[in-house]
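Trainee: I have a structure I would like to understand better, so I am pasting it below and will then ask my questions one at a time.
The values are calculated or read from the model by the stated rules, or taken from the named source; none is laboratory data. Computed from a prediction, not measured in an experiment: that's the story for all the values here. Neighbour counts are summed over all protein chains in view; Cβ atoms, including those assigned to glycine, are modelled from backbone coordinates with ideal geometry.
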Amino acid sequence: MEVFDTTTLIIIAAAIFVLLKLRSVLGQRTGYQRPSDLKDHINKRMKDAENGSADNVVKLPNRGTPQIDEEKNPAIEEINNIAKPRTKLNRGLNEVLSTDPTFSPKQFLSGAEMAYEMIVNAFADGDRKTLRNLLSTEVYGGFDSVISDRETRGETVRSTFVGIDESSIVGAGVKDSNSNLTVRFISQIVSSTHDKDGKVIDGDESDIATVTDIWTFSRDVRSNDPNWKLVATESES
């Protein structure tokens, strides 16, 4: 019995020693872990790996969000549809896009058409409030001067905006922190100017005239204001 007891004690001691060594190498399971936690974790990692979603690589500096693929950027396609690559207009539109990643030529033209109609109607009606919000200080000054002269002479303008036949961007670029876009409008307008007695002194009340205007809109790229303002006007005969 003494030999058996001694041998048993040696075996037990050896087993305890091995367990202590394993404990020191593998560490201890905390009271917040369930026995199935490790298995669940391994299964999750295997499933993530199969789905390609496991974050099992070392992240390199500046990894972050990938850059937008220019070939998949809708604005690039819109620009190329407006002007062929490597042309002056194409380069100018890309300059504007570089200052504002949300820029869309298509959306801009839609807004420019609305602004054009509002400005034409406001000018005819002498609506300074609307004009002040849509024009640069210099252009507003010119419009205001013409309206004041009409008022002094007692003249009025009767105008009907029929519609825009065509609008196209013909110039673009960035200068002195300002994005500039020039648009050519071809519109149909009925307009006549009347003196203080109501007599027509310019235009025709029944004639639909085709009007071609070349207007330049601008916005400060440093400003949070997304609105464009009319900064130059030119009529095409």
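Trainee: Could we say that M118 is exposed (fewer than 15 other Cβ atoms within 10 Å of the Cβ) and either of a type in the set (D, E, K, R) or closer than 30 Å to E77 by Cβ (or both) here?
Mentor: no
Trainee: On to the next question. Do any residues in the range 84-105 that are of a type in the set (A, V, I, L, M) have Cβ atoms under 8 Å from those of residues that are surrounded by 15 or more Cβ atoms within 10 Å (Cβ to Cβ) and assigned to a helix (DSSP H, G or I), where the two are at least six apart or on different chains, and which pairs are they?
Mentor: L89/I82; L93/I79; L93/I82; L93/P105; L97/A75; L97/I76; L97/I79
Trainee: Which one of E113, E117, E78, E71 is assigned to a helix (DSSP H, G or I), out of contact with any Gly (no Cβ under 7 Å at 6 or more places or on another chain) and at pLDDT below 95?
Mentor: E71
Trainee: Among the residues that make up the range 151-165, is at least one of them among the acidic types (D, E), in contact (Cβ under 8 Å) with a residue 40 or more places away in the chain, in a loop (DSSP other than H, G, I, E, B) and surrounded by 14 or more Cβ atoms within 10 Å (Cβ to Cβ)?
Mentor: Yes, there is a match, as at least one residue in the range 151-165 is among the acidic types (D, E), in contact (Cβ under 8 Å) with a residue 40 or more places away in the chain, in a loop (DSSP other than H, G, I, E, B) and surrounded by 14 or more Cβ atoms within 10 Å (Cβ to Cβ).
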